[in-house]
């Protein structure tokens, strides 16, 4: 008997299964759209170099410098003999009468507008008598220095041209990531237009300035690259090449470019005013450490701890030493560098909301900012002295202030606090730098006049479950908060 295969028709998919498949497909598509995989290495940087090079310039500066002369040019430079002859033959010749020579220096820059504004480093054009800008086409134009900012090492030049000039634009350096491709263009070692490529090696580097926010790159940067642009692969300037770290003076793959988020506001101010006009809050601050955060009862280690409030905008508004600034003008404050940069980029005269953490609560204070450049130009208990009270607390031998002690330490008559006369070398206080002669002025935001003030506040901290207290210590004109554990 022959068997015949029977085909059973498949059941039609249910409505539920159909909808589920559609939803899963949509979800997968959304996830693919939201994903941002790292961009692979470009096949070539040639197109990018061809696009941006016309806006990159070589800069040559000339200055006249006085030189000393000696009738014996064969004398070794820097030798005592040269010093003797210079002293005797040149001593009656003022600088204005000494021979002068032309001194030239080289750097790089880039055009940011078709009407001829050029960005470079301040150190490239500093003290220059003449500045000459050479374009990729070979054209050379004299440049005028519009303004400069030594704090960020940025300068703005202006050239006049009959034709609109090719220019490049700034990108957002805050969106750049470690590992992204970048390209540096400039005039290394006076060799003319040169391109080098690499990646972003690190972000947020600080070298020496208050406003530092450097991008570190392994793209080759050498002398002469200073002031040149660092491009992302979209052809936007995300940094200005400024310095290198090298024991030899040549590139070893550690170069630094000032980030565009710092440079762009500076350039805008130089263009508008010929100088910078940074906001000024008027506080001295230090970073919040883990132990400081614990001592104050902060939920996280962030913000800027106010150590002193001299006369200025913050003092007038009611900011106090011991406040932790956690928000400025609607932006969270990560640390002191973050606050300094944010305040500096804020308009002078603007009324801003400053949120501070004080006595376990947040308060909002309205502060009208001053101008930092103006501020930097300005000079910025018991009376029983016979039987001073001494006590040992937290490894510190403390003495209450009296008239004789104030006079001996050259303190004002209204100065208050506890003098440190000795420090246990095995104590945490000694390890954190507290020394004899320091003045303890407050715990948290509570002033200290007597030793009992300190012991009472320590008792309160223990009862509240705290393991440390925050003490404001002054050494000369320098205030500093130190968190000391309560178990000593």
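Read-outs throughout are calculated quantities, based only on the coordinates presented, and are distinct from any laboratory measurement. All of these numbers come straight from a predicted model, not from anything done at the bench.
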Mean shadow of segment 173-273, computed from the convex hull of its alpha carbons, in nm²? 6.7
Can you bin segment 232-273 into rounded, prolate or oblate? Criterion: square roots of the alpha carbon gyration tensor eigenvalues sorted a ≥ b ≥ c, rounded for a/c under 1.5, prolate for a/b above b/c, oblate for the rest. oblate
Dividing the mean separation of Cα pairs under 8 Å (6+ apart) by the residue count of segment 390-485 yields a relative contact order in percent of 24
Taking a ≥ b ≥ c as the square roots of the Cα gyration tensor eigenvalues, with a/c under 1.5 meaning rounded and otherwise prolate when a/b beats b/c, else oblate, which class fits segment 390-485? prolate
Would you mind classifying segment 311-361 by shape? Square roots of the alpha carbon gyration tensor eigenvalues, ordered a ≥ b ≥ c; an a/c under 1.5 is rounded, otherwise it is prolate if a/b is larger than b/c and oblate if not. oblate
At q = 0.18, 0.21, 0.24, 0.25 Å⁻¹, the log10 of I(q)/I(0) for segment 280-376 from a Debye sum over equal Cα scatterers comes to -0.73, -1.01, -1.32, -1.44
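Evaluate the relative contact order of segment 280-376 (contact order divided by residue number), counting alpha-carbon pairs under 8 angstrom at least 6 apart; express in whole percent.
Contact order relative to length: 29 percent.
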